[in-house]
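The values are calculated or read from the model by the stated rules, or taken from the named source; none is laboratory data. This is a predicted model, so every value here is computed, not measured. Neighbour counts run over all protein chains shown; Cβ positions are idealised from the backbone, glycine included. Each accessible area value is taken on the protein alone, full model and side chains, heavy atoms only, with ligands, DNA and RNA left out. Shrake-Rupley method; radii C 1.70, N 1.55, O 1.52, S 1.80 Å.
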Amino acid sequence: MLDINEIKKIIPQRSPFLMVDRILELDPGKRAVGRKCVSYNEPYFEGHFPEEPVMPGVLIIEALAQVGAVICLSIEENKGKNALFGGINKARFRNKVFPGDVLTMEVELIKRKGNIGIATAKAFNEEKVFAEAELIFVLG
């Protein structure tokens, strides 16, 4: 398990754009499970949407990507690099994310060639799936 300080040693994102609170499971280079506790104090809720605060789908995908970046950058040969988006495929948003929700994010690297990796990603809780996608990473 990695706490926020250990996550910050691996990926470069910082507040307010660090979207992962904890890594619950990590198999470097292969798979990770992360957690994001969604708080009403998140800055995007002020405008998205004032009458019904909903976490933007792009930020759910970003949170998943940050868990994927931990997978990629936790390998010794990739330390100090950045994991950038190369693409997002098959993204589906199944349910809204509200303040108070806890996202469990499971990401698995399914293919790797050179500096490119492809991962499956899912954000969910005990009751529902929030989002699923295939993420393409480029290490640089």
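Against the condition within 16 Å of L103 (Cα to Cα) and of a type in the set (F, W, Y), how does Y40 come out, does it pass? It is true that Y40 is within 16 Å of L103 (Cα to Cα) and of a type in the set (F, W, Y).
For G80, which of the numbered conditions (1) at positive phi; (2) at pLDDT 95 or above fails to hold? Looking at each condition in turn, G80 falls short on (2). Would you mind stating whether L18 is over 21 Å from V102 (Cβ atoms), open to solvent by less than 50 Å² (accessible area, probe 1.4 Å) and at pLDDT 95 or above? It is false that L18 is over 21 Å from V102 (Cβ atoms), open to solvent by less than 50 Å² (accessible area, probe 1.4 Å) and at pLDDT 95 or above. Does V70 count as among the hydrophobic types (A, V, I, L, M, F, W, C) and either open to solvent by 70 Å² or more (accessible area, probe 1.4 Å) or outside any helix (DSSP H, G or I) (or both)? No, not satisfied.
For the range 32-53, enumerate the residues that are in contact (Cβ under 8 Å) with a residue 12 or more places away in the chain, open to solvent by less than 70 Å² (accessible area, probe 1.4 Å) and not polar (S, T, N, Q). Across the range 32-53, the qualifying residues are A32, V33, G34, K36, C37, V38, E42, Y44, F45, P53. Looking across the range 87-107, the residues that are surrounded by 15 or more Cβ atoms within 10 Å (Cβ to Cβ) and either touching a Gly at 6+ places or on another chain (Cβ under 9 Å) or among the hydrophobic types (A, V, I, L, M, F, W, C) (or both) come down to I88, A91, F93, V97, L103, T104, M105, E106, V107.
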